[in-house]
Amino acid sequence: MVAVDGLVHTVPMGSEITDGEIVVSGLTKHYKQVRAVDGLSFTVKPGRVTGFLGPNGAGKTTTLRMVLNLVTPTAGTATIGGSRYADLAAPLQSVGAVLEASSAHKGRTGRNHLRVLCAAAGLPDTRADEVLELVGLAPAAKRKFKGYSLGMKQRLGIAAAMLGDPQVLILDEPANGLDPEGIRWMRDFLQALAKRGRTILVSSHLLSEMELLADDVVIIAAGRLVAQGSVEEIIGNASSVAKVRVRTPKPDALLAALTGATAERPEDGVLLLSGVTAEQVGDAALAAGVALHELVAEMPDLERVFLDLTAGKEAIR
Amino acid sequence: MNLIRSEFRKIRTTNVWWLFAIGALVLLALSFTINALNMHYGVLHQPDGGGVDPNSEEGAQLAALATPVALTSYMVTSGQYFGLMFVMLLGIITVTNEYYHQTATTTFLTTPHRTRVIVAKAVAGGFFGVLLWVITTAITIPATAIFLNGEGITPKFGDPDVIRAMLLNGVAYALWALIGIGIGVLIRSQIGATITAMVVYTVGTIAVSIIVTVLKNVLHWNWVDNIQWAMPSIASGLMTSGTDLPGQPHYWVGALVLIAWAAVTGVIGTLILRKRDIA
């Protein structure tokens, strides 16, 4: 199912850097009017998929571009495996990046696009065909880029990133333009790479997809760090706000039987309780002889946590 | 070396290079014909000197042009005007394509040292310039021989001045690629850069000539005559003029002007690119 196992290693794995840890430290970028990124620090560990989350305009893309030496930081540093991107001896063999889908000459074939990069990075031309096979784009290899669908462009971007079989993969909104099958393919692909010890950093605003894909998350808003940790930790920390949803014909009798619960009443006959577990609510209802038509423990998901954490932060600055 | 190979591939894998080559060759045929007619009626077979006093500067220029050496260099470097323009456009496009097709990101991810990318582009662009020079010269040599023999003049291909003019023509083709790359970095927009460069190259050259002539004739400012040689296109023609014509600076002045232009645009462009954010 996942093509990664079919990866042909003509390039020694991680030939340039052994440890692909990304360390961002005090990274800052000021534009004329805006502090796009403001003293941002976080680390990304190898062997895990790390989701890089934030509302539109939070500074995700600027941060990734600073890590990759495309944008000069106003202050702070970013290192990959201990060195700055510009100091890597063989960048393509150390770090693969997918930053924008529409980044090939429209009149050039996908295969020639990759071969241009092979030549620049000193890789054998055969790598172009290998990565096209890897991302399932081999049938369109000799077609011009202008004829590619958005999903095919995205796959070509991933193919380019995989040319040097890098230890670190950085992707900016890679799910954009992919159909459900493509998103599923990419998830399996990235997770398989992480299992093999690679470092994967993926920015996205698709939170449900991130919850399936990521092991760790870094959440930023307005250019600053909001939270960092494993998905379980982030959601777990927020579980104090977990709520129990109850539908009953006698809400007042049930409330009287519960101690330590605070209730909201979103609609008639429905209680949204915090400070109690679903078990306590069920037991109390039995003891008080109150019928329950619905009893649901509402576990917060990444989306809820994300919205809570980034609430009140200006998205557009 | 890898980078130069990559830049070659960028040029080879699109349609631009052969479209430009065809354009340059068509215009070569056109300019050779115009030059031949000009020489035939304007210089060699002027009825009774055409009213030009042989003792005036113009008369002296015509006489100097009519020598076999000057005629040979003039004819064999035909097509230079448009050829250089195409080389410049190719140089511009090798840079602006990176922005137009958003490949600058991938290019600078692969090679974070941006100066190296510009050097590789300069080498690849210069090579294609020289290649175009080889092709055009291979066409103009026999064409010049046929034309001059038809006029009853023995072409002087072995003359050191003619050989120098032909070789310097090749240098001009290479330098114009570099000028184009500099322009491409300074004006990132593909359309903006190509149109600006073409207008300056064609209209600008003529405009400067007209302004200089007007100032000279109306205000009698004879010194302005020397300003026109600072125009890179006029300097290119001077560099390949073979013999020194009366009233013109030496050929190497043209070469120096052109090298200065290429160096200034190339260095300024590279310095800007090194600092610029790729977003």
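Here are some notes:
- When A:177, A:223 are checked against the criterion of being within 20 Å of residue A:135 (Cα to Cα) and either buried (at least 21 other Cβ atoms within 10 Å of the Cβ) or in contact (Cβ under 8 Å) with a residue 12 or more places away in the chain (or both), A:177 stands alone in meeting it.
- Residue in the stretch A:131-146 that is among the acidic types (Asp, Glu), farther than 26 Å from residue A:202 by Cβ and more than 8 Å from chain B (Cβ to nearest Cβ) present: no
- For the stretch A:105-116, the count of residues that are over 30 Å from residue B:4 (Cα atoms) and either acidic (Asp, Glu) or touching a residue at least 24 places away in the same chain (Cβ under 8 Å) (or both) is zero.
- Unique match (being free of Cβ contacts under 8 Å to residues at least 24 places away in the same chain and within 30 Å of residue A:116 (Cα to Cα)) among B:146, B:211, B:195, B:206: B:195
- For the stretch B:1-28, the set of residues classified as more than 14 Å from chain A (Cβ to nearest Cβ) and either free of Cβ contacts under 8 Å to residues at least 12 places away in the same chain or closer than 24 Å to residue A:104 by Cα (or both) consists of B:21, B:22, B:26, listed by residue number.
- Sole residue being in the same structural domain as residue A:173 (by TED's automatic domain parsing), surrounded by fewer than 22 Cβ atoms within 10 Å (Cβ to Cβ), touching a residue at least 24 places away in the same chain (Cβ under 8 Å) and hydrophobic (A, V, I, L, M, F, W, C), chosen from A:89, A:128: A:89
Listed here are the residues, each with its yes/no results for (1) more than 30 Å from residue B:72 (Cα to Cα); (2) more than 9 Å from chain A (Cβ to nearest Cβ); (3) crowded, with 21+ Cβ neighbours inside 10 Å.
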| site | (1), (2), (3) |
| --- | --- |
| B:99 | yes, yes, no |
| B:104 | yes, no, yes |
| B:115 | yes, yes, no |
| B:121 | yes, yes, yes |
| B:125 | no, yes, yes |
| B:130 | no, yes, no |
| B:134 | no, yes, no |
| B:139 | no, yes, no |
| B:142 | no, yes, no |
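- In the condition set (1) more than 35 Å from the chain's Cα centre (by Cα); (2) closer than 30 Å to residue A:56 by Cα, residue A:302 is compliant with all but (1).
- Flag for residue B:224 being surrounded by 13 or more Cβ atoms within 10 Å (Cβ to Cβ), in contact (Cβ under 8 Å) with a residue 24 or more places away in the chain and in a helix (DSSP H, G or I): no
- Selected residue [under 30 Å from residue A:41 (Cβ atoms) and at pLDDT 85 or above] from A:282, A:229, A:236, A:312: A:229
- Sole residue being out of contact with any strand residue (DSSP E or B) (no Cβ under 9 Å at 6 or more places or on another chain), part of a helix (DSSP H, G or I), aromatic (Phe, Trp, Tyr) and farther than 25 Å from residue B:71 by Cα, chosen from B:229, B:261: B:261
- Only residues that are buried (at least 23 other Cβ atoms within 10 Å of the Cβ), more than 14 Å from chain B (Cβ to nearest Cβ) and of a type in the set (Ser, Thr, Tyr) were counted in the stretch A:51-80, giving 0.
- Residue A:253 being at pLDDT below 85 and either more than 26 Å from the chain's Cα centre (by Cα) or over 15 Å from residue A:309 (Cβ atoms) (or both): no
- Wholly enclosed strands (runs of 3 or more DSSP E) of the stretch A:218-317 bearing at least 1 residues over 18 Å from residue A:54 (Cα atoms) and among the small types (Gly, Ala, Ser): A:262-264, A:270-274, A:294-298
- Index of the failed condition, residue A:104 passing every other in (1) touching a Ser or Thr at 6+ places or on another chain (Cβ under 8 Å); (2) surrounded by fewer than 24 Cβ atoms within 10 Å (Cβ to Cβ); (3) farther than 24 Å from residue A:41 by Cβ: (2)
- Selection count, the stretch A:180-209, where residues are in contact with a Ser or Thr (Cβ under 9 Å, 6 or more places away or on another chain) and closer than 20 Å to residue A:150 by Cβ: 2
- Residue count for the stretch A:270-293 satisfying the condition of being under 26 Å from residue A:308 (Cα atoms) and either touching a strand residue (DSSP E or B) at 6+ places or on another chain (Cβ under 7 Å) or among the β-branched types (Val, Ile, Thr) (or both): 10.
- Count - residues of the stretch B:55-114 that are under 19 Å from residue B:277 (Cα atoms) and among the aliphatic types (A, V, I, L, M): 3
- Residues satisfying the stated conditions in the stretch A:163-174, i.e. touching a helix residue (DSSP H, G or I) at 6+ places or on another chain (Cβ under 7 Å) and surrounded by fewer than 22 Cβ atoms within 10 Å (Cβ to Cβ): none
- Number of residues in the stretch A:60-95 that are among the small types (Gly, Ala, Ser) and in contact with an Asp or Glu (Cβ under 8 Å, 6 or more places away or on another chain) equals 5.
- Filter pass, residue A:98 being within 20 Å of residue B:275 (Cβ to Cβ), crowded, with 19+ Cβ neighbours inside 10 Å and not basic (Lys, Arg): no
- As for the stretch B:154-161, it holds at least one residue that is closer than 21 Å to residue B:67 by Cβ, modelled with pLDDT under 90, part of a helix (DSSP H, G or I) and of a type outside the set (Ser, Thr, Tyr).
- Members of the stretch B:188-204 that are touching a helix residue (DSSP H, G or I) at 6+ places or on another chain (Cβ under 6 Å) and surrounded by fewer than 19 Cβ atoms within 10 Å (Cβ to Cβ): B:188, B:190
The values are calculated or read from the model by the stated rules, or taken from the named source; none is laboratory data. The structure presented is a predicted model; accordingly, all values stated were derived computationally and were not measured. Ideal geometry is used to build each Cβ from the backbone, glycine not excepted, and the neighbour counts take in all protein chains shown.
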